[in-house]
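In what follows, a structure is listed as structure tokens, so that the remarks can point back to it.
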């Protein structure tokens, strides 16, 4: 089922109306339950793969933005000299690297580094440019003071969740419901002056992006108000960044670049509020470029549109619906039927059993560092560590 069906089925079973308030609440609960199920198990459906291209002299690398955890024993070089890199905890990793005479060569082990709140750091002091991939829809509409309804033309279902702003007003409003191509409903009442031909913008407007980092040697920050695909620039010059975040969900991808627009410092998907990227540290420090392959457990993206789909397999979507129904009933003060509780418990048991059956081979103790690729790599790996403490 797509996200819209999950949400509406849960509302229907909880006997609640499909108004903007309850739809928004159901979407929040559904996303919470998807996350709960996603991180409950280390199942095969959570795994994906990617590569890292090493750079001579560089030991720390930012991973794919969806990496939650690397599957142990899968970080390897396979093109020229088959080699698996062993995972080491921080204390052991840095003890070995400190006590060894060698420093550069083919990496032999890795450990997790810091969580990064940006995709890349600027190479020099720069103002930061911010914009959305979604251009604003503009035109004229009829608005009435204290009414939630706006009347215009060419509206669509995908307008739900976007923000609406009348030119000259300081306040923005979130679109709560699509009635027709000529009528939308706001989540809150319009508080501006009535106008039959109000010029408006609809899209990623009124959402703020916070840029934090070092300015003139001191920690500082600046908020930038989005206006669709229009490029907005900080007044402050940042020498490094500590984080980039936004105040609300958006309809488009938000990008922050350096002043020249040549370096993407942070990219946030519509359902993301902030950047969070895991880094890893390699040793030996690479002395040349090579491609390292790895598999990883993914983070689950936040769903926003009715047409979005969960990465959890379809056979568990019924469980998402049941959990969301239970949350909605609790919020409305109605009792969850015993039959529903039993179905939820059965669903959890099925999920755990399936995950245990399919991913036992991936749960390798960190001390082993070797996966089921077999003894082919064992000798080479052991020789790599000869003479190391």
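Structural remarks
- Of residues in the range 57-77 being more than 13 Å from residue 279 (Cα to Cα) and in contact with a strand residue (DSSP E or B) (Cβ under 6 Å, 6 or more places away or on another chain), the one surrounded by the most Cβ atoms within 10 Å (Cβ to Cβ): 75
- From the options 98, 108, 88, residue that is surrounded by fewer than 17 Cβ atoms within 10 Å (Cβ to Cβ), more than 30 Å from residue 200 (Cβ to Cβ) and over 23 Å from the mean Cα position of the chain (by Cα): 98
- Condition check for residue 123: under 29 Å from residue 276 (Cα atoms) and assigned by TED's automatic domain parsing to the domain that holds residue 288: no
- Condition check for residue 302: modelled with pLDDT under 95 and closer than 30 Å to residue 213 by Cα: yes
- For the range 165-185, the candidate set comprises residues that are out of contact with any helix residue (DSSP H, G or I) (no Cβ under 8 Å at 6 or more places or on another chain) and part of a strand (DSSP E or B); within that set, the residue that is nearest to residue 136 (Cα to Cα) is 165.
- Given (1) within 23 Å of residue 209 (Cβ to Cβ); (2) exposed (fewer than 14 other Cβ atoms within 10 Å of the Cβ); (3) free of Cβ contacts under 8 Å to residues at least 40 places away in the same chain, index of the condition residue 172 fails: (2)
Each row is one residue, and each column tells you yes or no for (1) out of contact with any strand residue (DSSP E or B) (no Cβ under 6 Å at 6 or more places or on another chain); (2) modelled with pLDDT of 95 or more; (3) part of a strand (DSSP E or B); (4) surrounded by 14 or more Cβ atoms within 10 Å (Cβ to Cβ).
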| residue | (1), (2), (3), (4) |
| --- | --- |
| 320 | yes, yes, no, yes |
| 324 | yes, yes, no, yes |
| 329 | yes, yes, no, yes |
| 334 | yes, no, no, no |
| 346 | yes, yes, no, no |
| 350 | yes, no, no, no |
| 367 | yes, no, no, no |
| 371 | yes, no, no, yes |
| 377 | no, no, no, yes |
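- Contact map, the range 328-354: first residue more than 16 Å from residue 318 (Cα to Cα), second residue exposed (fewer than 12 other Cβ atoms within 10 Å of the Cβ), Cβ cut-off under 9 Å, separation 6 or more or different chains; pairs are 329/15; 329/335; 332/15; 334/15.
The values are calculated or read from the model by the stated rules, or taken from the named source; none is laboratory data. The structure displayed is predicted, hence computed values, not measured ones. Every residue, glycine among them, receives a Cβ derived from its backbone with ideal geometry; neighbour counts consider all protein chains shown.
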